[in-house]
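These notes are about the structure you will find just below.
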């Protein structure tokens, strides 16, 4: 009788040992002998974020995002015809890129040469510029275009001259490296007014013309690309004269939320 009880007790001990100390494939994750970890339920804040409606203004189709290829350590934009192409000190245009739809907008220019390449813009941006200049005239504001499209080769000359005059450290705060200028996209234009001699200076921002542009440019699809207070984001000094066409919807979002293009692309979601 005692022998049968001893045998039964030994079998129970063996069974308990198999259940608590095993490390086979069917065992719980974690250290041997420890209970399995369980994922904590989402917090109230996390549930609110998951249930928050998606802001349609911050959704952007994939075709508007840069397609990048790294060449010799440099990020090169492979879809430069994109109206929302983001060109900056981190992402460059191909050296041979020239928009195929460049036209001359019917607006006043600060120079006489009718064949100058800097008169040209991409067709959509040129039409929007004409609308904006016409609206400004109706409000008693006279704007003047100073420089629009600029080729890669021309940018090389301008950058080299800026370096010669001011040194590279200062030059890069005001002038883009070749391939990194928005003017090459055909979507950018520098504007001024006769009240300051058609000069491209920060003083333009304080003129009635500059203030009108700051208040109304987004209505025609333009943004002030390098705004005051955003130098650390854009990498360039304040340029109230430098307008970039991005289309009415994106321009309205950036204006309303005080965003640069860099900040806009950090906020939007690809759909």
Give the residue that is nearest to residue 256 (Cα to Cα), with candidates limited to residues of region 196-216 that are out of contact with any strand residue (DSSP E or B) (no Cβ under 6 Å at 6 or more places or on another chain) and touching a residue at least 40 places away in the same chain (Cβ under 8 Å). 216
Would you mind telling me which numbered condition in (1) surrounded by fewer than 23 Cβ atoms within 10 Å (Cβ to Cβ); (2) in contact (Cβ under 8 Å) with a residue 40 or more places away in the chain; (3) out of contact with any strand residue (DSSP E or B) (no Cβ under 6 Å at 6 or more places or on another chain) residue 185 fails? (1)
Counting only residues that are modelled with pLDDT of 95 or more, give me the helices (runs of 4 or more DSSP H) lying completely in region 164-271 with at least 3 of them. 208-216, 231-234, 248-257, 261-267
Working carefully through the options 125, 148, 116, find the one that is touching a helix residue (DSSP H, G or I) at 6+ places or on another chain (Cβ under 6 Å) and either under 19 Å from residue 242 (Cβ atoms) or surrounded by 18 or more Cβ atoms within 10 Å (Cβ to Cβ) (or both). 148
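Here are 54, 70: which of them is farther than 25 Å from residue 133 by Cα and in a strand (DSSP E or B)? Outline the logic, then answer.
Values: 54 fails: in a strand (DSSP E or B).
Result: 70 is the single residue among 54, 70 that is farther than 25 Å from residue 133 by Cα and in a strand (DSSP E or B).
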Being assigned to a helix (DSSP H, G or I), surrounded by fewer than 19 Cβ atoms within 10 Å (Cβ to Cβ) and either in contact (Cβ under 8 Å) with a residue 12 or more places away in the chain or out of contact with any helix residue (DSSP H, G or I) (no Cβ under 6 Å at 6 or more places or on another chain) (or both): is that true of residue 142 here? no
For region 88-108, name all the residues that are buried (at least 19 other Cβ atoms within 10 Å of the Cβ) and assigned to a strand (DSSP E or B). 92
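The values are calculated or read from the model by the stated rules, or taken from the named source; none is laboratory data. Note that this is a predicted model, so its numbers are computed, not measured. Cβ coordinates were reconstructed from backbone atoms using ideal geometry, including for glycine residues, and neighbour counts include every protein chain displayed.
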